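Okay, structure first, notes after.
The values are calculated or read from the model by the stated rules, or taken from the named source; none is laboratory data. None of these values were measured; they are calculated from a predicted model. When we count neighbours, we look across all protein chains shown, and the Cβ atoms used for this are built from the backbone with ideal geometry, even at glycine.
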Amino acid sequence: MRFFLSLALCLGALSLMATADDQSQGEHECALDFKMKNIDGEQVDLEDYEGNVVLVVNTASECGLTPQYAGLEELYRKYKDKGFVVLGFPCNQFGSQEPGTEAEIKTFCSTRYNVTFPMFSKIDVNGSDAAPLYKYLTSKDVKPAGKGDISWNFEKFLIDTEGNLVHRFAPRTKPDDAELVKAIEGALKG
């Protein structure tokens, strides 16, 4: 009898923990309900970007897709005055292709690709140590890529002016891809 009572108490505790986890996951109602450290280590409230169309990208400096930095910067410069911003999140989870420190990453991005869009501190985007922002983004089933783990460097998430995640694009989707540009322009029109 004691065994069954202990089992019932354990199951009840697990149920309460699951409910608490569900609530903590559910407290984020939009994709910008997060605070992240920028490349200089300063805390940034992503809600500051509400009202803008935001493209969130996990980046790496030693990847075959690294030249996308140039295209991302071009997109940013073309649309920033219309309310568009790119947010870069360096990540070393794919082939150890982002081994540098934040200072090294910042120097690389600015000198090699003239990056002026906001860059953030290096994070994990998959697994138990994934940044809460990425746990949120990867949990949403949006077109064309759907939900699930990040597959590689330079995966792209498009967030509208209200903070809603509206599109997810695969890493090989270039910044000048017609479908991506159309989605950005559509989001800018509201």
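For ASN92, which of the numbered conditions (1) of a type outside the set (Phe, Trp, Tyr); (2) surrounded by 15 or more Cβ atoms within 10 Å (Cβ to Cβ); (3) closer than 21 Å to LEU165 by Cβ fails to hold?
Of everything listed in (1) of a type outside the set (Phe, Trp, Tyr); (2) surrounded by 15 or more Cβ atoms within 10 Å (Cβ to Cβ); (3) closer than 21 Å to LEU165 by Cβ, ASN92 misses just condition (3).
Does region 115-133 contain any residue that is of a type in the set (D, E, K, R), in a helix (DSSP H, G or I), surrounded by 13 or more Cβ atoms within 10 Å (Cβ to Cβ) and assigned by TED's automatic domain parsing to the domain that holds VAL86? Outline the logic, then answer.
In the first step, residues of region 115-133 are kept if they are of a type in the set (D, E, K, R); the result is 122, 124, 129.
Applying the additional criterion that residues be in a helix (DSSP H, G or I) yields none.
There is no residue in region 115-133 that is of a type in the set (D, E, K, R), in a helix (DSSP H, G or I), surrounded by 13 or more Cβ atoms within 10 Å (Cβ to Cβ) and assigned by TED's automatic domain parsing to the domain that holds VAL86.
Is it the case that CYS63 is at pLDDT below 95 and out of contact with any strand residue (DSSP E or B) (no Cβ under 6 Å at 6 or more places or on another chain)?
Here the answer is no, as CYS63 does not meet what is asked.
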